[in-house]
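Okay, so here's the structure we're looking at.
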Amino acid sequence: VRMYVCGPTVYDRIHIGNARPFVVFDVLFRLLRREFGAEHVKYARNITDIDDKINNRAKERGIDIAALTADTTRTFHEDVAALGCLPPTYEPRATATIAEMQEMIAALIAKGYAYFEQGHVLFNVPAMMDRPPLPKHVYGLLSKKNRDDLIAGARIDVAPYKKDPADFVLWKPSTPDLPGWDSPWGRGRPGWHIECSAMSRKHLGDTFDIHAGGLDLIFPHHENEIAQSECCNGAPMARYWMHNGFIERGGEKMAKSVGNIDKVRDLLDEFPGEALRLMLLKTHYRSPLEFTKEGLREAKATLDRWYRMLADTEALPAGYFGAEGEERVVPKTRFFEAALAALQDDLNTPEAITHMHAAVQGFYAAREEHDTDAVFARLVDVVQTGLLLGLFEMRPQTWFRWTPKSAPALDETKIAELIDLRLAARKAKNFTEADRIRDELAQQGVILEDGPKGTTWRRAG
């Protein structure tokens, strides 16, 4: 299975709206690997490191373009890793694929689908509409736009060198202060759309299985990718297209141009990455998602409950799940099977999460009844579903000790010292002092829990 997801344009850190496709299609990547085996799934997610937005941002900041893209790519990797995204099989960069772009452009010119004018190479949309490379496949099929809509929504200035208003740039000239590469059409740089066509073709072939990205990329980006790739290759570009819906604030699409964004890095200072991930998965990927801090707090509280179940599992007496060293037969895990069926049905993550809640309830009900087989089955349900969704990357102890950067928190050394002082007070039967220390820690968000194996602590949720 070969899958391509449009990656970031590395001129700024990603916001939570940018992050949605990376998280959603990471779940798809995990699901495909489970279904077909990791060695049979190839996932390409590109880095766009040549673009006018990058050039403008570097100029604004007065820094080198290469330094900007290197730093922003590094921070992108940090952010998606914090969100629990697996590395893709391939991560091509536009600047490393220039030769392949030029090869495609030359082929399009030779086939009559592109032309050179005033230092620019443009794709000729009417040529494709007159001579579609594939039966019944004309420009506008993916976006379901007619001729007038295509012209109105082209997002590209109607320049004098265009033969048709809908034509779009494949190659454009570069001034000496801008990145550029030698080509048959002069020193220049690629247009945005040809970059993804070349990168996907290089790593996944002329035709691959799944092309994914945000809803806003359907037109013009994905429509133009199809036009270029199919006219060049004479074969379908992708068999299936998947597009995630927008993240909104107050009913309005989250966008840098609107100024209503929250950068992932800033949110990670307030919430664990898994809380951001769960919040993004609680709504079906094709639906709009209303973003609120309250929604993130709810996701954090849900994860607290799930991690508490895992912590309770660790606290069960030895031998609860069978004799030590005994190989346990995994029982029929009906909630996981239901969650898996939901994910197989157009990646229905909200339904999968509903089955996780039911499995947690079943775990505690079975534990009350001392039904060890059912306890073990519900544990498997929760853990397997969580891992498939990209959750449970921490041990419970680590999860409950996470604290926001903004919170004035005691460090672990000081907490350990206070726990030792409380233990000494209890041994001396000075229970007033022991209670005072417990209360002092609680006031600073540290909860103590006494058990058979001693005292443990966690941060308050």
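Odds and ends about this structure:
- Of all residues in the range 414-461, exactly one satisfies the criterion of being open to solvent by 90 Å² or more (accessible area, probe 1.4 Å), assigned to a helix (DSSP H, G or I) and modelled with pLDDT under 80, namely GLN443.
- Single unsatisfied condition, MET128 versus (1) part of a helix (DSSP H, G or I); (2) in contact with a strand residue (DSSP E or B) (Cβ under 7 Å, 6 or more places away or on another chain): (2)
- Within the range 97-113, the set of residues being in contact (Cβ under 8 Å) with a residue 24 or more places away in the chain, open to solvent by less than 50 Å² (accessible area, probe 1.4 Å) and over 22 Å from TYR4 (Cβ atoms) comprises ALA106 only.
- Within the range 265-282, the set of residues being open to solvent by less than 40 Å² (accessible area, probe 1.4 Å) and either farther than 17 Å from PRO404 by Cβ or touching a residue at least 24 places away in the same chain (Cβ under 8 Å) (or both) comprises LEU267, LEU268, PHE271, PRO272, GLY273, GLU274, ALA275, LEU276, ARG277, LEU278, LEU280, LEU281.
- Of all the numbered requirements in (1) more than 19 Å from the chain's Cα centre (by Cα); (2) closer than 30 Å to VAL264 by Cα; (3) among the β-branched types (Val, Ile, Thr), VAL125 misses one, and that requirement is (2).
- Matching option when the condition is under 27 Å from ARG458 (Cβ atoms), modelled with pLDDT under 95 and open to solvent by 80 Å² or more (accessible area, probe 1.4 Å), among GLU327, GLU368: GLU368
- Taking the range 387-404 as the range and being assigned to a helix (DSSP H, G or I) and open to solvent by less than 60 Å² (accessible area, probe 1.4 Å) as the test, the residues that pass are LEU388, PRO396, TRP399, PHE400.
Here is a yes/no grid of residues against (1) under 21 Å from GLU100 (Cα atoms); (2) in contact with a Lys or Arg (Cβ under 9 Å, 6 or more places away or on another chain); (3) not basic (Lys, Arg):
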position	(1), (2), (3)
ASP149	no, no, yes
PRO160	no, no, yes
PRO165	no, no, yes
LYS172	yes, yes, no
GLY180	yes, yes, yes
GLY188	yes, yes, yes
ARG201	yes, no, no
HIS221	yes, no, yes
GLU230	yes, no, yes
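- Restricting the range 16-36 to residues that are under 21 Å from ALA94 (Cβ atoms) and in contact with a helix residue (DSSP H, G or I) (Cβ under 7 Å, 6 or more places away or on another chain), the residue that is surrounded by the fewest Cβ atoms within 10 Å (Cβ to Cβ) is PHE22.
- Matching residues, the range 162-218, being charged (D, E, K, R) and either more than 19 Å from THR89 (Cβ to Cβ) or crowded, with 23+ Cβ neighbours inside 10 Å (or both): LYS162, LYS163, ASP164, ASP167, LYS172, ASP177, ASP182, ARG187, ARG189, GLU195, ARG201, ASP216
- Among the residues of the range 37-70, those that are open to solvent by 10 Å² or more (accessible area, probe 1.4 Å) and part of a loop (DSSP other than H, G, I, E, B) comprise GLY37, ASP49, ASP51, GLY62, ILE63, ASP64.
- Just one of the listed residues (LEU280, LEU347, LEU310) is modelled with pLDDT of 95 or more and assigned to a helix (DSSP H, G or I), namely LEU280.
- Residue count for the range 102-142 under the criterion of being more than 25 Å from SER183 (Cα to Cα) and among the β-branched types (Val, Ile, Thr): the result is 1.
- Selected residue (only one of ILE247, ILE261 is open to solvent by less than 20 Å² (accessible area, probe 1.4 Å), in contact (Cβ under 8 Å) with a residue 60 or more places away in the chain, closer than 26 Å to ARG74 by Cβ and under 17 Å from the mean Cα position of the chain (by Cα)): ILE247
- Residue pairs meeting the criteria (Cβ under 6 Å; at least 6 apart or on separate chains; first aromatic (Phe, Trp, Tyr), in the range 162-179; second open to solvent by 30 Å² or more (accessible area, probe 1.4 Å) and in a loop (DSSP other than H, G, I, E, B)): PHE168/ILE156; TRP171/TRP185
- Entry remark, the range 72-96: residues being in a helix (DSSP H, G or I) and open to solvent by 60 Å² or more (accessible area, probe 1.4 Å) number 5 in total.
- For first residues located in the range 122-134 and within 9 Å of CYS231 (Cβ to Cβ), partners that are of a type in the set (Gly, Ala, Ser) and part of a strand (DSSP E or B) and lie 6+ apart or on another chain with Cβ distances below 7 Å form the pairs PHE123/ALA114.
The values are calculated or read from the model by the stated rules, or taken from the named source; none is laboratory data. Quick caveat: nothing in here was measured; it's all calculated off a predicted structure. Methodologically, a virtual Cβ is constructed for each residue, glycine included, from the backbone with ideal geometry; neighbour enumeration extends over all protein chains shown. Heads up: the accessible areas ignore ligands, DNA and RNA and are worked out on the full protein's heavy atoms, side chains in. Shrake-Rupley method; radii C 1.70, N 1.55, O 1.52, S 1.80 Å.
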